[in-house]
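Here the structure is laid out as structure tokens; the discussion comes afterwards.
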Amino acid sequence: MAYTRKNVSALTRSEKRRLVGAFLEIKRTGEYDEFVRVHIDHYVSDGEDGLRTAHMTPSFLPWHRRFLLDLERALRRVDSGVSVPYWDWTKDRTPAASLWQEDLLGGNGRRSDHQVMTGPFARRHKKWVVKESMTDGDYLTRDFGRPRDPLDLPTAGELAKALDDPVYDAHPWDSTSGRGFRNRLEGWGTGRGNDAWRNHNRVHRWVGGHMLGGASVNDPVFWLHHSFVDLLWTRWQKRHRGARYLPESPPQLGERQYGRIVARHEEMPPWGVTPDQLEDHSRIYRYV
Amino acid sequence: MRVGNGTRRDVLRGVLAAAVAVAVAPFVAASAPTRARPYVPGGPAGGPSGELAEFEARFAAGFDEMYGGCRIRGCKEAAAGVRPAGDARTAPAGSWRVTVDDRPLHLMRRADGGYLTMVDHYRSYPTPLAAARAAVDELGGTLRLRAAAGEAEPERVPERDLEQVPERREGHGHGVHA
């Protein structure tokens, strides 16, 4: 029987409390920091040599789907009644949204050092001490809307441009792919202004602080964001019936992406599952 | 090779069941496809390569500046770094090595020729210096880059001899490395 993932704005007080409790428990055991490390270790940029599984690559979506499933499984070992809710950032667009309140994720970082001071993940409660990070701070940071160089969350219109694309991904299968649902959703553009970074990337930038960097998993909102990104893949599949993960077969020897991306039936590190095996989640969970 | 829906679902379910049985760790890397020839990024038309070429010409001998209260230094590596076993991310020849207050800032290259850092990871910048300044902005005057693992304080970088700094590697491929 599939369990459900809900819109975070629909969670009851009790559901929020249980979700927070499960997060704090896997943080306490050290399991959570393993997720932070895995995400850092799998960030291979597309201008560098090596296999890209998580970012700037077709397997961006299945990689994060499986990553989220692992996290969710860890949470459900603590409390079998919880699942990872999704944050629809096209609708819940302000710091006043329910997910940022005291009883769930807490709010923005303070002005001086961007340290999150409210909610259960504030450093002073000693239950969410950042261990795996790019900087020497051990507290969670956020910088909503990037006041130094302001930007808004992605709009429904911006997202529609990704969902409307009938092709999953396209040559050259990286952050410069000009078409394809995957890169439009992942959000790599060109140019220098904030408008060049869309959808998924833009949300990371809007939250700021830890979410801006390679250690973004330190902020639990990472999972709520990726739960929505995961839902968007499912919505895209429903809209474009029969459209599948691409590329179907691996690039050939001599092609630029040879050995650097994961084709539909190739195994994806670190799990050894294929994108094909992750295209349909309906027996595991469904979105409501 | 097309696998039916039912099969795929079952496999996904199996994947989950297996995951329940095994702890999250160890994340053992599955057999990865082998690497092709070294990849040299090149900017497509309209990419940042023009600006980068200008930057490379101007700072051929490296850069050293104070920005936002931090000392940013960078130099271009002359030769390919040694590739430790299992590390697919070692910088290729000609890559930039950058430090902020003597701590290594891990720069990554984007396919269009741009640069990004582990601090500011969801956009790219046209030059290594622009990426480093953005990282300093993000540190906000209150945070420092984390020192490489195993070092309470990194060794000081000799004034005129940045390229002599030994390759630093962090424990898990996290933290920062140049």
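With the condition kept exactly as written, say whether any residue in the stretch A:148-169 is surrounded by 19 or more Cβ atoms within 10 Å (Cβ to Cβ) and either polar (S, T, N, Q) or touching a strand residue (DSSP E or B) at 6+ places or on another chain (Cβ under 7 Å) (or both).
no
From the residues in the stretch A:180-197 that are more than 10 Å from every other protein chain (Cβ to nearest Cβ) and modelled with pLDDT of 95 or more, which one is surrounded by the fewest Cβ atoms within 10 Å (Cβ to Cβ)?
Checking each candidate, the answer is A:Gly180.
Starting from the stretch B:111-124, take each residue that is more than 7 Å from every other protein chain (Cβ to nearest Cβ) and under 21 Å from A:Arg260 (Cβ atoms) and list its partners that are among the aromatic types (Phe, Trp, Tyr) and part of a strand (DSSP E or B), counting only C-beta distances under 8 angstrom and pairs at least six apart or across chains.
These pairs meet every condition: B:Gly114/B:Tyr125; B:Tyr115/B:Trp96; B:Tyr115/B:Tyr125; B:Ser124/B:Tyr115.
Is the stretch A:130-141 home to any residue that is away from every other protein chain (no Cβ under 14 Å) and among the aromatic types (Phe, Trp, Tyr)? Please lay out each step first, then the result.
Of the residues in the stretch A:130-141, the ones away from every other protein chain (no Cβ under 14 Å) are none.
No, the stretch A:130-141 has no match at all.
Restricting to the stretch A:267-287, and then to whatever is more than 17 Å from the chain's Cα centre (by Cα) and aliphatic (A, V, I, L, M), can you tell me which residue is farthest from the other protein chains (Cβ to nearest Cβ)?
Selected residue: A:Met268.
For the stretch A:2-15, enumerate the residues that are surrounded by fewer than 21 Cβ atoms within 10 Å (Cβ to Cβ), in a helix (DSSP H, G or I) and either touching a helix residue (DSSP H, G or I) at 6+ places or on another chain (Cβ under 9 Å) or not basic (Lys, Arg) (or both).
Listed by number, the residues that qualify are A:Ser9, A:Ala10, A:Ser14, A:Glu15.
Conditions tested, residue by residue: (1) surrounded by fewer than 22 Cβ atoms within 10 Å (Cβ to Cβ); (2) touching a Phe, Trp or Tyr at 6+ places or on another chain (Cβ under 9 Å); (3) among the aliphatic types (A, V, I, L, M).
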position: A:Leu253; (1), (2), (3): yes, no, yes
position: A:Ile261; (1), (2), (3): no, yes, yes
position: A:Arg264; (1), (2), (3): no, yes, no
position: A:Trp271; (1), (2), (3): no, yes, no
position: A:Pro275; (1), (2), (3): no, yes, no
position: A:Glu279; (1), (2), (3): no, yes, no
position: A:Ser282; (1), (2), (3): yes, no, no
position: A:Val288; (1), (2), (3): yes, no, yes
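Here is a list of conditions, (1) surrounded by fewer than 21 Cβ atoms within 10 Å (Cβ to Cβ); (2) on the phi < 0 side of the Ramachandran plot; (3) within 14 Å of chain B (Cβ to nearest Cβ); (4) without any contact (Cβ under 8 Å) to a residue 12 or more places away in the chain, and A:Thr94 meets all of them except one; can you say which number that is?
Single failed check for A:Thr94: (3).
Kindly indicate whether A:Arg244 is farther than 30 Å from A:Phe121 by Cβ, of a type in the set (Lys, Arg), at the interface with chain B (Cβ under 7 Å from one of its Cβ atoms) and part of a loop (DSSP other than H, G, I, E, B).
Details: farther than 30 Å from A:Phe121 by Cβ: yes; of a type in the set (Lys, Arg): yes; at the interface with chain B (Cβ under 7 Å from one of its Cβ atoms): no; part of a loop (DSSP other than H, G, I, E, B): yes.
Judged against the criteria, A:Arg244 is not a match.
Going by what's in this entry, would A:Ala160 be described as aliphatic (A, V, I, L, M) and at pLDDT below 95?
no
The values are calculated or read from the model by the stated rules, or taken from the named source; none is laboratory data. Bear in mind the structure is a predicted one, so any value in this text is a computation, not a measurement. Note that we place each Cβ from the backbone using ideal geometry, even for glycine, and neighbour counts take in every protein chain shown.
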